[in-house]
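See structure below.
The values are calculated or read from the model by the stated rules, or taken from the named source; none is laboratory data. Computed from a predicted model, the values in this text were never measured in an experiment. Don't worry about glycine lacking a Cβ; one is built from the backbone with ideal geometry, like all the others, and counts go over all protein chains shown. Please note that ligands, DNA and RNA were not included when accessible areas were found on the heavy atoms of the full protein model with its side chains. Shrake-Rupley method; radii C 1.70, N 1.55, O 1.52, S 1.80 Å.
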Amino acid sequence: MNEPLSEIESQALRELAAVADDEALEAWRVAYLGRRGRLTLVLRGLAGLPLEERRNAGAAANRLKQQLESALAARKDQLAHSVAEALAADRIDVTLPGPPLPAGRLHPTTQTLRDVLDCFVSMGFQVVEGPEVEWDRYNFEALRIPRDHPARDMWDTLWIDYERDGERPMLLRTHTSPMQIRVMEQTEPPIRVVVPGRCYRYEATDPTHEWMMVQVEGLVVDEGVSLGDLKGTLTDFARRIFGPERRTAFRCDYFPFVEPGMELRIDCFLCGGEGCRTCSRTGWIEILGAGMVHPEILESVGYDSEKYTGFAFGMGIERIAMLRHGIEDIRLLYANDLRFLGQF
Ligand code: FA5
């Protein structure tokens, strides 16, 4: 006999205990009991032994064969059982309600932006968009803010690290006003557009100032457009967005691209006009700059300033969201705290 039965027995049983699936079980059967299996080879080898020895060894080998066959059947049973158990444990109750999916919502700035745009669209304005990375020419020069003019100090600028002829002509737009020029260059009056978009300023933050904000620019150019149209349009806008109880006030302001220029202020929601930290103790919160388009600008884009007049405005959407929801600090809007944002 070429292999001791005891060795086959112990090895076979050890391996069988480690078998984990039907495939491994079949491989084990082939290895020990198959046509060329280890035990089968032992049984075949018995033929060459003397009669007495063959009888004893044959009986022992057959006993082992039976033992392995019944061990195989038992293991097979065991495996089938554990698969059934795993399936039972894994069973899904399809009648249970699914786990709730956390639903997102629109950011309060986006909600207000959409309401503002809806308001102007209902008045007949068209919505257009423009680039956030802008040329100096559109952001400043074409708006009558030449290099070295003190008015540039009104917009602390983030310049793009790109040089041409020793100059840096590109920047992150500081306001949406460059789109006034781009629209007028490409269209003829009558014009009625609003331009939403992000603007960037190299500015220290405080309760009403962020370094990134969303503005909506408005531009109207037509025959016979007057300051009365500007005031009427913006007063109507303010009533629709803030309700009739909020007080509004126009005040003179300076912007090189309009004449005359003004700002629109809303009474502070927090102190009701008494003066507090949020309104810098003035009782008012400025939401937009506006004015009649400067005739030189109309001429520079090829319009006849004797025939056409226009007005423009630019508002900060975060300031409007703050007034509507009573948000005390603009920085809360972009601090990404879901406990705060989830309230709106
Ligand atoms: C402008 O940006 C002009 N382009 C507005 C304009 C357009 C005037 C057309 C005339 C004609 P100003 O810098 O004041 O102006 O900004 C306009 C509005 O943007 C402000 O009233 C305010 O609501 C908002 N805003 C300005 N700076 C910030 C800031 N740092 N953080 C948040 N909102 C701001």
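Rg and Dmax over the alpha-carbon atoms of the stretch 77-198 stand at 28.3, 91 Å.
Kindly report the accessible area of the stretch 250-344 per residue (heavy atoms of protein chains, probe 1.4 Å, no ligands, DNA or RNA), in Å².
45 Å²
Accessible surface area normalised per residue over the stretch 130-246 is 49 Å², counting heavy atoms of protein chains with a 1.4 Å rolling probe.
Under a model in which nothing but the beta-carbon of Lys, Arg (+1) and Asp, Glu (-1) is charged, the stretch 240-330 shows a dipole of about 440 debye around its Cα centre. Taking 20 Å as the straight-line reach from the Cα of residue 65, the lysines in range (excluding those fewer than 8 positions away in the same chain) are 76.
In this view, the solvent-accessible surface of residue 304, computed with a 1.4 Å probe and all protein chains in place, comes to about 70 Å². Among the GluC sites (Glu not before Pro) in the stretch 192-246, those located in a DSSP loop and surrounded by at most 12 other Cβ atoms within 10 Å of their own Cβ are 245. Solvent-accessible surface (1.4 Å probe) assigned to residue 211 amounts to roughly 130 Å². When you restrict to C-alpha pairs under 8 Å that are six or more residues apart and normalise by the size of the chain, the relative contact order lands at 14 percent.
Mind jotting down a quarter of the surface of the convex hull over the alpha carbons of the stretch 276-344, in square nanometres, one decimal?
Mean projected area for the stretch 276-344: 7.2 nm², to one decimal.
Computed over the stretch 1-101, the range of Cα coordinates on each principal axis works out to 78, 19, 18 Å, biggest value leading. Between the stretch 114-179 and the stretch 309-328, the C-alpha centres lie 18 angstrom from each other.
Over the chain, dividing the summed -39,500 (n - 2.57) contributions of all DSSP H runs of at least 4 residues by the number of residues returns a 222 nm mean residue ellipticity of -12500 deg cm²/dmol. Rolling a 1.4 angstrom probe over the chain with all protein chains present gives an accessible area of which 50% lies on carbon and sulfur atoms.
Amide hydrogen proximity for residue 261: with H placed 1.01 Å from N in the peptide plane, the residues at 5 or more positions away or on another chain lying under 5 Å are 253, 255. Applied to the stretch 284-296, the Karplus parametrisation 6.51 cos²θ - 1.76 cosθ + 1.60 on θ = phi - 60° returns per-residue 3J(HN,Hα) values of 10, 10, 6, 10, 7, x, 7, x, 7, 4, 4, x, 4 Hz, with x for Gly and Pro.
Applying a 4.7 Å cutoff between beta carbons, the unpaired cysteines of the chain are 119, 199, 252. If you sort 200, 254, 32 by accessible surface, 1.4 Å probe, largest first, the order is 254, 200, 32.
Once you reduce the stretch 64-88 and the stretch 1-36 to the center of their Cα atoms, the two points are 14 Å from each other.
Between 330, 140, 220, the Cα set farthest toward the positive side of the dipole of the chain (charges on each charged residue's Cβ, about the Cα centre) is that of 330. Per residue, the convex hull spanned by the alpha carbons of the chain comes to 288 Å³. Relative to the 2.2 N^0.38 Å rule of thumb, the stretch 98-167 has a C-alpha radius of gyration ratio of 1.77.
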